[in-house]
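Below: the structure, in structure tokens.
The values are calculated or read from the model by the stated rules, or taken from the named source; none is laboratory data. Since the model is a prediction, treat every value here as computed from it, not as a measurement. Cβ placement follows ideal geometry from the backbone for every residue including glycine, while neighbour counts extend to all protein chains displayed.
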Amino acid sequence: MRDDYRGDGGGGIAVLLAFVLGGLIGAVLGLLFAPQSGQESRRLIKEQVDELVDQSKEYYEQGSEKIGVMVEQGKTQLEQQADEIKAKIDEARAKLQAQVGPTADAASDAVDKTAAAAKDAVSRTADGTRTAVDSAATAATGALEGAKAAMKDAPKPEAAPAPAPKPVEHLKAAAPKHAGGDASK
């Protein structure tokens, strides 16, 4: 099987996670290089992170619900198909029993064991899928929380230096001149 977005649906979670993390990184970099004060940048980053965390949680809940419904539908369909197959097998068993006799009993036992094993395998696969989705969501939430914590712990930029004082020559030139000589006396 291929593990990409065209596969069995499990790769879609990875694409969503990559998209959310890419958006988070882009937003953080955009805010860091924006011409704003450090305090304003941090506030904007915090808002973006909070929004992305909320969106991720919402996507996780929606995805979990959809996957849960799909898993349950798949289980139901597989159980129905297993029941139909078992009914056909039972019908064939009756015909064989009439023809073969004691050998049919041994075959029936083997079919019952195989059907039970197939149902168990379907159930384990569904449970494994659900566990994988939960793990991916937990990892995404952890990554977003880690980014949020990193932004809180990031060093604050230093304040810009005060502008240099203007020369006083222009004040001397603008001072009124006294007719009696030098004004500094």
ask   = What do you reckon, is residue 185 surrounded by 10 or more Cβ atoms within 10 Å (Cβ to Cβ), out of contact with any helix residue (DSSP H, G or I) (no Cβ under 9 Å at 6 or more places or on another chain) and modelled with pLDDT under 75?
value = no
remark   = Sole miss for residue 131 among (1) farther than 21 Å from residue 17 by Cα; (2) under 37 Å from the mean Cα position of the chain (by Cα); (3) at pLDDT 85 or above is condition (1)
request  = Could you check, for region 136-151, whether at least one of its residues is more than 30 Å from residue 58 (Cβ to Cβ), modelled with pLDDT of 65 or more and not small (Gly, Ala, Ser)?
outcome  = no
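Per-residue answers, yes or no, for (1) modelled with pLDDT of 85 or more; (2) surrounded by fewer than 12 Cβ atoms within 10 Å (Cβ to Cβ); (3) among the hydrophobic types (A, V, I, L, M, F, W, C); (4) closer than 21 Å to residue 129 by Cβ:
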{"site": "17", "(1), (2), (3), (4)": "no, no, yes, yes"}
{"site": "21", "(1), (2), (3), (4)": "no, no, yes, no"}
{"site": "28", "(1), (2), (3), (4)": "no, no, yes, no"}
{"site": "32", "(1), (2), (3), (4)": "no, no, yes, no"}
{"site": "54", "(1), (2), (3), (4)": "yes, yes, no, no"}
Region 74-122, subset at pLDDT 85 or above and of a type in the set (S, T, N, Q), residue farthest from residue 63 (Cα to Cα) = 114
remark   = Log entry, pairs with first residue in region 33-51 being closer than 16 Å to residue 144 by Cβ, second being surrounded by 12 or more Cβ atoms within 10 Å (Cβ to Cβ) and of a type in the set (Val, Ile, Thr), beta carbons closer than 9 Å, six or more apart or on different chains, reads 45/28; 48/28; 49/28
key: Candidates 115, 143, filtered to the one that is surrounded by 14 or more Cβ atoms within 10 Å (Cβ to Cβ), touching a helix residue (DSSP H, G or I) at 6+ places or on another chain (Cβ under 7 Å) and within 30 Å of residue 92 (Cα to Cα)   = 115
remark   = Reported set for region 70-100 where residues are touching a helix residue (DSSP H, G or I) at 6+ places or on another chain (Cβ under 8 Å) and among the polar types (S, T, N, Q) is 97
